[in-house]
Every structure is written in structure tokens, then in C-alpha cells.
Amino acid sequence: MIQKTRTLHKWLMRLVGVQFILWAITGLYMVCLDIHFIHGEPLAHPQSAPLQLKDISYSTAQLLADYPDATDIKLVTLLQKPVYRFRSAAGQRAIHVVDAITGEPQDLLSQAQASTIADDAYTGTAAINTVSPLISRDASGALNPLWVVSFDDVASSTLYIEQQSGRIIRRRHHYWYVFDWLWRLHIMDYDDGENVTNGWLRLVSLLSVLAAVSGLALLLLRLTLRKQAAV
């Protein structure tokens, strides 16, 4: 009995032993670093500035008259001036920005404007290293042009700014990219790291439970034999 249990445990550990080590290493990295730091929250100040309501001459009523299908309307400050940011099906843009003083629609952010926004929001002291365009997709699958602004610091801190709205939608650094790959190894999803119930994970988890149970059984059998031998 003990020989069969030992053989079963040995083969199960051969199958899952490497993944055991990966789970330990990746789990250690995840618990040692604060999740807010991994998400890049300390990289940038919140994008908020006091609004001077007395300067606003383009009312919400006028906005709705010009854009009757406008939704999710927000009055914010962008590049030191008040603007309305909203969603509308009109035109080619998913997100619209309109000057809250003149009512003029704002163009897509230029490279220089993106640099100004990133530099103002950045909490560090490093200079901007690169500013490059990127076409991404939003949650609805629509194309979303971005500016990717990277700073010349140790972690290569990077801010992703929407060209349509001026919002900082992502904050990244080297530690996040390491976390992203370790997460994929941890959940055994080597594609996009989104499927936490994939078949590989379920199979190896089942084998791991069997390996643990066989190891416990082997320990109990050895303790029983040792107790019997001592009697």
C-alpha cells in the first residue's frame, strides 16, 4: 500500500511540481507589492482642477440644443480651461469635448498638448522620454486613438492619454508588465491573462489536490508503520 501511494505521489508531483514553484514565485511577487502601486495610481495626480463657473457662458441647455443625443455630460478642466466632455453618436468621435466658454468643439489633442497634460499630472521629477501615438480599442470595441507618454525614470513610467478627451486612461511601468506576465503564469492563461477558469488551470489544480492528498496519505501511512514498529 505504501509503495503504491509513494509511486502515485511521485508521478503526480512530477506533473505539477514546476507549476507549484511558479505559483509560489508569482504569488510571492503579487503579495509583496501593493496593488495600487501595480495599477500605477501613484504615478499621476488626479485630473481635477477648480472650475471658475463665472467664466462659463456656454450653458448645458445650449449644449443639449446643439447635441440633442449627448449623454454622460461632465464639466471639467482641460489644459487650464473649462470644457464639456460628453458622449454622442454625432460625427466620427465617440467622445466629444466642447469649450464651455465659446461652445467651439475641440480638436483631437496634439502631441504637445498631450505632453503638457502628462507633465502636469506626473508625480515624479523625470523628464519626458518619448511621446508616440497608439490606436487602441475602448470597452465597446471602437477605435480609440491615444498618446503614449513615457518618462525617463527607472521604472519607465508611462501615461496613456485619450486624444479625444484628454483623459489619462492607463498608467503603466515595468513593475506592472512583470506583474502582468506573472499573473498569466499564475492562472495558466498564456494568451491575454483574462480567463481564470481555463482548462489547464482546472486540470493542474485537480492534479495538485490529488498530489497533496496522496502526500498526506503517504505521511499517515509512514506514521502508522512507525507506530506499529515501536510497539
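Checking each residue in region 63-102 for being closer than 16 Å to residue 53 by Cβ and small (Gly, Ala, Ser) picks out only 100.
So which residues in region 73-115 are over 27 Å from residue 63 (Cα atoms) and open to solvent by 40 Å² or more (accessible area, probe 1.4 Å), if there are any at all? Quick ask: steps written out before the conclusion?
Of all residues in region 73-115, those over 27 Å from residue 63 (Cα atoms) come to 111-112, 115.
Passing the criteria: 111, 112.
Within region 116-151, the set of residues being surrounded by 13 or more Cβ atoms within 10 Å (Cβ to Cβ), among the hydrophobic types (A, V, I, L, M, F, W, C) and touching a residue at least 24 places away in the same chain (Cβ under 8 Å) comprises 117, 118, 121, 126, 128, 147, 149, 151.
Filtering region 35-93 to residues that are without any contact (Cβ under 8 Å) to a residue 60 or more places away in the chain and small (Gly, Ala, Ser) leaves 48, 49, 57, 59, 61, 65, 70, 88, 89, 90, 91.
The values are calculated or read from the model by the stated rules, or taken from the named source; none is laboratory data. Nothing here was measured: the structure is a model prediction, and the numbers come from that model. Counting neighbours? That spans all protein chains shown, and the Cβs are built from the backbone with ideal geometry, glycine included. Ligands, DNA and RNA are stripped out before the accessible areas are found, and what is left, the full protein with its side chains, is counted by its heavy atoms. Shrake-Rupley method; radii C 1.70, N 1.55, O 1.52, S 1.80 Å.
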